[in-house]
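What follows is calculated from the coordinates using simple rules that are stated; it is not laboratory data. Computed from a prediction, not measured in an experiment: that's the story for all the values here. Quick reminder, even Gly has a Cβ in these numbers, built from the backbone with ideal geometry, and neighbours come from all protein chains shown.
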Amino acid sequence: MQQDKLIEELQSGNEKAFSRIYELYSQSTYGIIFGIIKDASVSEEVLQDVFIKIWNNASSYNPEKGRFFTWVLNIARNASIDKIRSKDFKNKKLNLKSDIFVDILESKSNFFGSIDAIGLQKYIDILGPTCRKLIDLLFFQGFTQKETSEELQMPLGTVKTKNRVCIDKLRAKVL
């Protein structure tokens, strides 16, 4: 089934179309979620929440505003960030053993595995190191602009400006 037709079927409430969308997008969506959350069971829960949101909000997707895959990834990214900012998630992380915490810190550098999972590697490679680091922190690790500013020891206004410039560069390469 052609993607546009599949999306139309999803928007009209077709459960088979939804199942096919899940088959096509769940693995890459899970990759994005796990890249932010770093916890398999929580990532699976968020994945299910994301696809419920896709089902419930399918009619809000507008192809004139962007690709369907981008829409799905934005839902996944936002749901992941909401989860890691939730009080319940933060309290759970406070109870981690130190060896698990070390693994999480070490896995933060898995930027290239995350971007390759959604096919952006070739575009990200074109960008400079500052842009790669900003995109990693803001979009793949779920940092806020303020947290990114602190992490990179860069003024918040500079982070905002550089982020906008980097996204414009990336957009020009992808589109």
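Pairs spanning more than 19 Å between alpha-carbon atoms, out of LYS65/LYS146; LYS122/LYS173; LYS53/LYS169: LYS65/LYS146; LYS53/LYS169.
Size of the dipole of segment 119-175 about the Cα centre, Lys and Arg at +1 and Asp and Glu at -1 on the beta carbon, nothing else charged, in debye to 20? Intermediate values should be presented prior to the final figure.
Details: 10 positive and 6 negative charges, 57 e Å.
Dipole of segment 119-175, to the nearest 20 debye: 280 debye.
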